[in-house]
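J.: Sharing a structure below in structure tokens format, with a few things to ask.
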Amino acid sequence: MKINNNFLDLKDSYLFSTIAKKIKEFQAVNPGVKVYRLGIGDVTLPLAPAVIEAMHKAVDEMGVKETFQGYGPEQGHDFLRNAIVDYYATKDVKVSSDEVFISDGAKSDLGNILDILHPSNKVLIPDPVYPAYVDTNVMAGRKIDVAKGNQANGFKPMPDENYKADIIYICSPNNPTGSVYTREELKAWVDYANKQKALIIFDSAYEAFVGDDKLPTSILQIEGARTCAIEFCSFSKTAGFTGTRCGYTVVPKELVFDNTPLNKLWNRRQCTKFNGVPYIIQKGAEAVFSKEGQKQIRANIAYYKENARIIHEALEQKGIWHTGGINSPYIWLQCPKGMTSWEYFDHLLTKANVVGTPGAGFGEMGEGYFRLTAFGDRETTLEAVKRILENS
Ligand code: MLT
């Protein structure tokens, strides 16, 4: 018996587990000290009333013989797949319900999709980036190259025509930098991928934070994307489902590689390895798209965006270089006084009792930077910002 020794190439611990461990250690030696958390991008507002009501109703249905649900379709219930089709229509994107696959969150499917892609594919991943993209490819032993983000390119690396990639990751609005690709920039990636016959793995988990209608919220809004991109989205940040778990993956039928439609392969993979998201959760997710649901989730997003504005203004006032936070819940700042990311993390934790996420945890290009999230509650955000300013 041999293990998958690619796992030995991973860092010892996943970024957010390392941070959680550090906070625990700090609290063990500083009992009673309140820690202000703007680290992991976890929501703090409760689920919208429309979602709760739909889930309560679904719970009741499960207790009645006539409405009880056993195994659901592996791809998700039609009521939710159709609601997502209608949501895409509001973005002027035409998708069919059999291109939409319901999942337990974008993170799972971003990893699972690799099942249907050959391990020999060369992967291009932006740096800095959400660490799960790198880790899941390391686990499969794939060769990874990075597209470097920096202040000069606004943390939005663009394709290099001389470089050949098979799989390209794009997250926009970006985690961790909060930068958002324009339509023209995404079109350049789509053209590059089509020319290279590469696949774009597009993570749109933060699409609901885009307020500027000139900016794209889906790669499928870009001409040519249907032959080169799979889109992964989630209810986590849009509707507070981080603890509830539901997302969706859109696999256009025009995606054909090695004469094989990826939609068919993904469907095959899901039928074998996945038994669907619980009916009660899918009913809650469906309610996100109701008139009331949309009103309520938009109010929550506006609350988080106000947090982002507060953080942005404070950093501006202090003259700390930063980006993001306008069409995104993340603010990406340069660590003051030349500190490294982890030095600044330790400094803020011990001196200000504030937790953020070290930029170096998102890749080498993140060294010297730091991420703050707008998902905290208002009180925490205001107090954390005050403490950051006093200690930076
Ligand atoms: C983050 O903080 O980057 C996110 O919460 C991670 C995630 O969505 O899994």
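The values are calculated or read from the model by the stated rules, or taken from the named source; none is laboratory data. Here the structure is a predicted model, which means the values were calculated and not measured. No Cβ is skipped: glycine too gets one built from the backbone with ideal geometry, and neighbour counts run over all protein chains shown. Side chains are part of the model used for accessible areas, which takes the heavy atoms of the whole protein and leaves out ligands, DNA and RNA. Shrake-Rupley method; radii C 1.70, N 1.55, O 1.52, S 1.80 Å.
J.: Pairs under 6 Å by beta carbon, first residue open to solvent by 50 Å² or more (accessible area, probe 1.4 Å) in the range 137-163, partner assigned to a loop (DSSP other than H, G, I, E, B), six or more apart or different chains?
T.: 148/157
J.: For residue 360, only one of the following conditions fails: (1) in a helix (DSSP H, G or I); (2) open to solvent by 10 Å² or more (accessible area, probe 1.4 Å); (3) in contact (Cβ under 8 Å) with a residue 40 or more places away in the chain. What is its number?
T.: (3)
J.: Give me the residue from the range 197-235 that is open to solvent by 30 Å² or more (accessible area, probe 1.4 Å) and assigned to a helix (DSSP H, G or I) and, out of that set, nearest to the ligand (Cβ to nearest atom).
T.: Checking each candidate, the answer is 221.
J.: Based on this model, can you work out whether residue 122 counts as over 28 Å from residue 329 (Cβ atoms), more than 18 Å from the chain's Cα centre (by Cα) and open to solvent by 20 Å² or more (accessible area, probe 1.4 Å)?
T.: yes
J.: Only residues that are touching a residue at least 60 places away in the same chain (Cβ under 8 Å), hydrophobic (A, V, I, L, M, F, W, C) and crowded, with 19+ Cβ neighbours inside 10 Å: list them for the range 236-261, please.
T.: Within the range 236-261, 239, 241, 246, 250, 251 meet the criteria.
J.: I'm trying to understand the selection: among the residues of the range 11-55, which are within 16 Å of the ligand (Cβ to nearest atom) and acidic (Asp, Glu)?
T.: Answer for the range 11-55, where residues must be within 16 Å of the ligand (Cβ to nearest atom) and acidic (Asp, Glu): just 42.
J.: Can you tell me which residues in the range 97-110 are within 16 Å of the ligand (Cβ to nearest atom) and either more than 28 Å from residue 87 (Cα to Cα) or open to solvent by less than 20 Å² (accessible area, probe 1.4 Å) (or both)?
T.: Within the range 97-110, 103, 105, 106, 109, 110 qualify.
J.: Here's another thing I want to ask about it. Checking residue 193 against (1) in contact with a Ser or Thr (Cβ under 9 Å, 6 or more places away or on another chain); (2) more than 14 Å from residue 103 (Cβ to Cβ); (3) assigned to a strand (DSSP E or B), only one condition comes out false. Which one?
T.: So the condition that residue 193 fails would be (3).
J.: Could you identify the single residue in 238, 242 that is touching an Asp or Glu at 6+ places or on another chain (Cβ under 7 Å) and hydroxyl-bearing (Ser, Thr, Tyr)?
T.: Matching residue, one of 238, 242: 242.
J.: Go through (1) open to solvent by 10 Å² or more (accessible area, probe 1.4 Å); (2) in a helix (DSSP H, G or I) for residue 180 and report which single condition fails.
T.: Residue 180 satisfies all of (1) open to solvent by 10 Å² or more (accessible area, probe 1.4 Å); (2) in a helix (DSSP H, G or I) except (2).
J.: Answer yes or no as to whether residue 3 is exposed (fewer than 14 other Cβ atoms within 10 Å of the Cβ) and away from the ligand (no atom under 16 Å from the Cβ).
T.: For residue 3, the condition - exposed (fewer than 14 other Cβ atoms within 10 Å of the Cβ) and away from the ligand (no atom under 16 Å from the Cβ) - is met.
J.: Return the residues of the range 318-332 that are open to solvent by 30 Å² or more (accessible area, probe 1.4 Å), in a loop (DSSP other than H, G, I, E, B) and β-branched (Val, Ile, Thr); say none if nothing qualifies.
T.: Across the range 318-332, the qualifying residue is only 326.
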